[in-house]
1. Select from 138, 168, 130 the residue whose mean-square fluctuation is largest in a Gaussian network model of the chain (Cα-Cα springs shorter than 10 Å).
2. How large is the convex hull of the Cα atoms of the stretch 122-192 per residue, expressed in Å³ as a whole number?
3. How big is the Kirkwood radius of the chain, worked out from every pair of different alpha carbons and given in Å to one decimal?
4. Assign one of three labels to the stretch 2-77, namely rounded, prolate or oblate, based on the Cα gyration tensor with a ≥ b ≥ c the square roots of its eigenvalues; rounded applies when a/c is under 1.5, prolate when it is not and a/b is larger than b/c, and oblate otherwise.
5. Roughly how many Å is it from the Cα centre of the stretch 146-177 to that of the stretch 17-74, as a whole number?
């Protein structure tokens, strides 16, 4: 079991009623070989306060346990206003393409398509066990050798089932790939693990 709630809560910032974070309960193909796609959404949550997340966490964990799914949260804030506009665009596009059977998904899709964070938080997705020294070396390369120099880029470590997500502020990705393993996945707006049974 992986429970990262105490690591996630300090990363959530709400400056206005327009802010929210997008949390999904997902079944993954790695645990469900029968899935036709990489993942299946069980339920979405729109986290508009820390209190809301804490209040719903027992329900979220129960759904994850029941469906053998994981609760994943995007650490880049969303804007209700911007998501509403994007929803209208998605709905118009679906209708113009006569894809009416997808219309019910347009809001959720809009939540996943963008955020209002500038700069965003990135995830260095390490799917193997690395020791602390190896992780520290990667972080130091990003901190000291990748532009912008002098800006704190490291945010925190979030454990995953197989490895770790290193949460970072943006940096020059080309420089980073030249100085480290180019095969490390860097996600610019993907979810990280809040809870995995």
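Computed from the coordinates by the stated procedures, all read-outs in this text should not be read as laboratory data. The shown structure was predicted, so the numbers you read here are calculated from the model rather than taken from an experiment.
1. In the Gaussian network model the winner is 130.
2. Numbers: hull volume 5.6 nm³, N = 71.
For the stretch 122-192, the hull spanned by Cα atoms encloses 78 Å³ per residue.
3. Working: mean 1/r = 0.0553 Å⁻¹.
That comes to 18.1 Å for the chain.
4. Values: a/c = 2.36, a/b = 1.88, b/c = 1.25.
Here the stretch 2-77 falls in the prolate category.
5. Comparing the Cα centres of the stretch 146-177 and the stretch 17-74, I get a distance of 24 Å.
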